[in-house]
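The values are calculated or read from the model by the stated rules, or taken from the named source; none is laboratory data. Because the structure is predicted, anything quoted here is derived from the model rather than measured. We place every Cβ from the backbone using ideal geometry, glycine too, and count neighbours over all the protein chains shown.
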Amino acid sequence: MRVYPTPGGAEDQGGPDVSNLNLRAGRDQPNLVTVKVGDGGRVRFDAPVAATYLLADLAGYYTATGDNGFVALTPARIADTRYAQGFSGILRAGQPQVLQVTGVAGVPSDATAAVLNVTGSQPRNVTHIRVFPTTVPATLPDVSSLNLVPGRDEANLSITRIGAGGKMSFYTHTADTHLIVDVSGYFRK
């Protein structure tokens, strides 16, 4: 499932190459999505592979004014370990990897946090992913952002503070897994 800003008339050439929700037949699947509003105050929902029923609830909105205002971006892929994009390869268990977030896909150097859709793909075993600001020295939090089991790709929205040098760190606890990271917005001072 893809959710993206509704473009103007002739501009609609299909959605971006990012997913907000990975569905499996016979299973209800929730996710929190932050999306920029398009023309006419609308967003587009697209299920490119198969027809599906969809429930969508509006939980709020962000403003770009004041301290730490939110700025929405058209979703863009900034990392995909399956193709060595952003990371050098598969995320290895117990080995945090660092990803440059500022200066990429419209995220400026003064951004304080980023809104990411993080997808774990092809996990080798049960594991969880931690997404956290890069610090020096490295500090690993005790909070998971995404929980994975073999045979299922899973996605989750993560709103995470940006760390030292405009970077974020990603860690898989007990099993190697591929990781896909899409950015859809940022917060700034």
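General remarks:
- Test: Ala111 is small (Gly, Ala, Ser) and either at pLDDT 85 or above or under 25 Å from Leu148 (Cβ atoms) (or both): yes
- Checked against (1) of a type outside the set (A, V, I, L, M); (2) in a loop (DSSP other than H, G, I, E, B); (3) closer than 19 Å to Asn20 by Cα, Asn125 meets all criteria but (3).
- Among the residues making up region 108-133, those that are among the polar types (S, T, N, Q) and touching a His at 6+ places or on another chain (Cβ under 9 Å) are Thr119, Ser121, Gln122, Thr127.
- Single residue of region 30-60 satisfying the filter (surrounded by 10 or more Cβ atoms within 10 Å (Cβ to Cβ) and under 16 Å from the mean Cα position of the chain (by Cα)) that is modelled with the lowest pLDDT: Asn31
- Subset of region 132-158 [in a strand (DSSP E or B), within 12 Å of the chain's Cα centre (by Cα) and either more than 30 Å from Ala25 (Cβ to Cβ) or small (Gly, Ala, Ser) (or both)]: Ala155, Ser158
- Selection of region 159-189 for residues being surrounded by fewer than 21 Cβ atoms within 10 Å (Cβ to Cβ), part of a loop (DSSP other than H, G, I, E, B) and at pLDDT 90 or above yields Gly163, His173, Thr174, Ala175, Asp176.
- Checking each residue in region 148-175 for being polar (S, T, N, Q) and under 11 Å from Thr127 (Cβ atoms) picks out Thr172, Thr174.
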